[in-house]
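Quick notes on the structure that follows.
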Amino acid sequence: MNVNARRLRRSRSNRVIAGVCGGLAEFFGISSFWFRLAFVIAFIPGGVPGLGAYLLFWLIVPSE
């Protein structure tokens with residue numbers, strides 16, 4: 001197994017609430033700002049799409 005293989009994990013260092021956006025940003029190699037913006041935009045039309053996706057990631061993605 002490759003030691004440098006990227007794994008999707010919630011970030012401990014780049015977190016605001018649960019580290020979901022920070023973990024996604026580290027996995028994809030882009031700024032966490034873009035994931036936070038995407039969740040905020042998904043939260044606007046009533047909250048369910050953004051909040052549901054965030055909670056789902058929070059439950060499924062393990063912590064570092």
Problem set entry | Ellipticity estimate at 222 nm from DSSP helix runs (n ≥ 4, -39,500 (n - 2.57)) divided over the chain, nearest 500 | -16000 deg cm²/dmol
Seminar exercise, completed: With 0.36 nm assigned to each residue of separation and the Cα-Cα distance removed, L56 to S31 gains 6.9 nm
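If you build the convex hull over the alpha carbons only and average its shadow over all orientations, what do you get for region 20-60? Give it in nm² to one decimal.
On the way: hull surface 10.1 nm².
So the Cα hull casts an average projection of 2.5 nm².
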Seminar exercise, completed: Non-local residues with an amide H under 5 Å from the amide H of R10, with H modelled 1.01 Å from N and Pro and chain starts lacking one, are S63, E64
Exercise. Which ³J(HN,Hα) values, rounded to whole Hz and listed in residue order, are derived for region 7-21 from phi using the Karplus coefficients 6.51, -1.76 and 1.60 in 6.51 cos²θ - 1.76 cosθ + 1.60 with θ = phi - 60°, glycine and proline given as x?
Worked result: 10, 7, 9, 6, 6, 8, 8, 10, 9, 10, 10, 10, x, 5, 5
Exercise. HN-Hα J couplings of region 35-52 from phi, Karplus 6.51/-1.76/1.60, θ = phi - 60°, integer Hz, Gly and Pro as x?
Worked result: 6, 5, 4, 4, 5, 5, 4, 5, 7, 4, x, x, x, 5, x, x, 5, x
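Quick note: the coordinates plus some simple rules give every number you see, no bench work behind them. In this text the structure is predicted, and so the values were computed from the model without any measurement.
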